[in-house]
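Here's the structure we're looking at; comments come further down.
The values are calculated or read from the model by the stated rules, or taken from the named source; none is laboratory data. Given the structure is predicted, the values throughout are model-derived calculations rather than measurements. Virtual Cβ from ideal backbone geometry, glycine too; neighbours counted across all protein chains shown.
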Amino acid sequence: MTTLPETELSRALRREVARRRTFAIISHPDAGKTTLTEKLLLFGGAIQMAGEVKARKAARHATSDWMAVERERGISVTSSVMKFEHAGHEINLLDTPGHQDFSEDTYRVLTAVDSALMVIDSVKGVENQTKKLMDVCRLRDTPIMTFINKLDRDGREPFDLLDDIEKSLGIEAAPLTWPIGSGKGFQGVYDLRRNELRFFSAQGAKGVRPKDSVLVKGLDDPKLDELIGSGPASDLRRDVELLAGAGYPFDVKRYLSGEQTPVFFGSAINNFGVQELLDTFAQLAPAPKPRPTTTREVAPTEEQFSGVIFKIQANMDPAHRDRIAFMRICSGRFQRGMRVRHHRIGKEVQIANAIIFMAQDRAGVEEAWPGDIIGIHNHGTIKIGDTFTDKEPLKFTGIPNFAPEHFRRVRLANPLKSKQLEKGLLQLAEEGAVQVFRPMDNNDYILGAVGLLQFDVIVARLRDEYSADALYESAPIEAARWIDCPDRQRLDAFTKDVRANLALDAEDNLTYLAPNAWRLGRTMELWPEIEFRTTREHQ
Ligand code: GDP
């Protein structure tokens, strides 16, 4: 058999794909995501000074009025993708908004990455938001690396933290470093793979990399007692022995399949543990993976260009009512000005004015590769989940809608504007800014969101873009589930029985709106053949 000579493009694709790492950081607010992001960018050479990311965050959270929302959105588009190089790797760090701007976008960003980094506060352990984000990662078995932060504080016992990760998140925790003391008594970490001691010294936010590390000949090396004292040395030996007996040994395959998370201990603000984390991340984290479509799996190294929209951000420039659609490149090479097919609407479009997110050199970039994110100007034709390719009609899957957790009933201040309201709500729902439900039994509009800030944004956009002054009323709903059932008769019986709690979403999918968790549980018990889904694929 003769093999065809490899083309220059496919060689370039293999090289570029192999060196890309596209990831997001997940954490509960205040665990240290911003600090760690900043340190990663600093060590990766993308920023010169600590404080740049922090300043953006301060601007974002200064006030909560509409102008601030606007400003925040303006700012967050530039920091939505932070690209930097490290040890020959091209790293795309995607921002997942946290705090009060937690929204469906936060979830969707996680569908566009190949792996995630989880930051946990050593004092608090696993917190609520991390659990929610982890659930999204689990949908795609996303590999996760863990950084346990704030070891300079008196935190929880390391075994306790590992146990917390395993129990709360249902993932094996395999430490790669082990802390020696904590809080005031924190001396540093022992690198379990390299048999190396790394000494901690408080550095403040100055951005200095700690260099003090000493190689020891394993844990029995008497040098260990001299270096950290015999008490801590025997504690360390005992801990490592315990780990060998009861812990999980690190297994790169289990990490890549999302079953195990390698764990690092450190202190982001003191630059401690960040370098090892970054080095190990660049080395082990997965390069862009094949992605499923409705017809076949697409490998990133295919020469045909393909990309999928995972997020739409509106009003970047209020004067132009501009929207930016964020596309993850899934295969092939993107070149400035290239023509691609927008399959849902069956049109060929030229991507002339794409924004290519590069932390340093935005204007000079002519091409992008699988794993990279580009921004396309959108005048209302692009929806979340839309696929663009050279020619083959494809539809990427795996960018779902997520069941909303907060609900409001919308009321118009001026009833004569109902047309504008309807149009506005449908467009905003299409864009993915909020979810809209029409109850089967009345003419209400119920809005659903995963983050409360989404409601403020919707009211402001309805007023500014559609001249519809809307007010919110509380809605007696606590959960939404999409309904599915292959048995038509059972579905009809169900629809009749719980009609008062049923609604259609913006794409006419049947949805059960539960007044409370108890009622949801009870209904699910009564109707075992009905499927109650927490996610739904975009059509
Ligand atoms: P985010 O909300 O997850 O982005 O968290 P930030 O990065 O803003 O950090 C929250 C707070 O924790 C800030 O006051 C940080 O200065 C502080 N912080 C971050 N890392 C550390 C650390 O390693 N040790 C201590 N003591 N504080 C830290």
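Kindly indicate whether PHE147 is within 16 Å of the ligand (Cβ to nearest atom), in contact (Cβ under 8 Å) with a residue 60 or more places away in the chain and of a type in the set (A, V, I, L, M, F, W, C). Taking the combined requirement at face value, the residue satisfies it.
For the stretch 443-456, does any single residue satisfy the condition of being at pLDDT below 95 and over 30 Å from the mean Cα position of the chain (by Cα)? Checked the stretch 443-456: at least one residue is at pLDDT below 95 and over 30 Å from the mean Cα position of the chain (by Cα).
Scanning the stretch 97-129 for residues that are of a type in the set (D, E, K, R), out of contact with any helix residue (DSSP H, G or I) (no Cβ under 8 Å at 6 or more places or on another chain) and more than 16 Å from the ligand (Cβ to nearest atom), we see that the one that is modelled with the highest pLDDT is ASP114. So is PHE264 part of a strand (DSSP E or B) and either surrounded by 15 or more Cβ atoms within 10 Å (Cβ to Cβ) or without any contact (Cβ under 8 Å) to a residue 24 or more places away in the chain (or both) or not? So PHE264 fits the description; yes. Residue count for the stretch 451-474 satisfying the condition of being surrounded by fewer than 17 Cβ atoms within 10 Å (Cβ to Cβ) and not charged (D, E, K, R): 5. Among the residues of the stretch 302-321, is any within 16 Å of the ligand (Cβ to nearest atom), buried (at least 21 other Cβ atoms within 10 Å of the Cβ) and not charged (D, E, K, R)? No, every residue in the stretch 302-321 fails to be within 16 Å of the ligand (Cβ to nearest atom), buried (at least 21 other Cβ atoms within 10 Å of the Cβ) and not charged (D, E, K, R). Of the residues in the stretch 207-216, not one is touching a Leu at 6+ places or on another chain (Cβ under 6 Å), at pLDDT 85 or above and over 28 Å from LYS131 (Cα atoms). Given the conditions (1) under 25 Å from ARG21 (Cβ atoms); (2) in a strand (DSSP E or B), which single one is not true for GLY371? Single failed check for GLY371: (2). Taking the stretch 8-37 as the range and being free of Cβ contacts under 8 Å to residues at least 60 places away in the same chain and either under 27 Å from LYS132 (Cβ atoms) or within 7 Å of the ligand (Cβ to nearest atom) (or both) as the test, the residues that pass are THR34, THR37. Residues in the stretch 492-539 that are without any contact (Cβ under 8 Å) to a residue 12 or more places away in the chain and among the hydrophobic types (A, V, I, L, M, F, W, C): ALA493, TRP518, MET524, LEU526. Taking the listed residues SER76, SER27, SER80, the one that is modelled with pLDDT of 90 or more and within 21 Å of the chain's Cα centre (by Cα) is SER27, with no other qualifying. Taking the listed residues VAL252, VAL240, the one that is over 21 Å from MET134 (Cβ atoms) and touching a Leu at 6+ places or on another chain (Cβ under 8 Å) is VAL240, with no other qualifying. Residue count for the stretch 240-274, restricted to those that are touching a strand residue (DSSP E or B) at 6+ places or on another chain (Cβ under 9 Å) and either within 16 Å of the ligand (Cβ to nearest atom) or at pLDDT below 95 (or both): 15.
For the stretch 475-490, the criterion of being farther than 30 Å from LYS383 by Cα, of a type in the set (Asp, Glu) and surrounded by fewer than 19 Cβ atoms within 10 Å (Cβ to Cβ) is met by at least one residue.
Which residue is nearest to ARG333 (Cα to Cα), if the candidates are limited to the stretch 275-288 and must be more than 16 Å from the ligand (Cβ to nearest atom) and surrounded by 21 or more Cβ atoms within 10 Å (Cβ to Cβ)? So, considering only residues that are more than 16 Å from the ligand (Cβ to nearest atom) and surrounded by 21 or more Cβ atoms within 10 Å (Cβ to Cβ), the one nearest to ARG333 (Cα to Cα) is PRO288.
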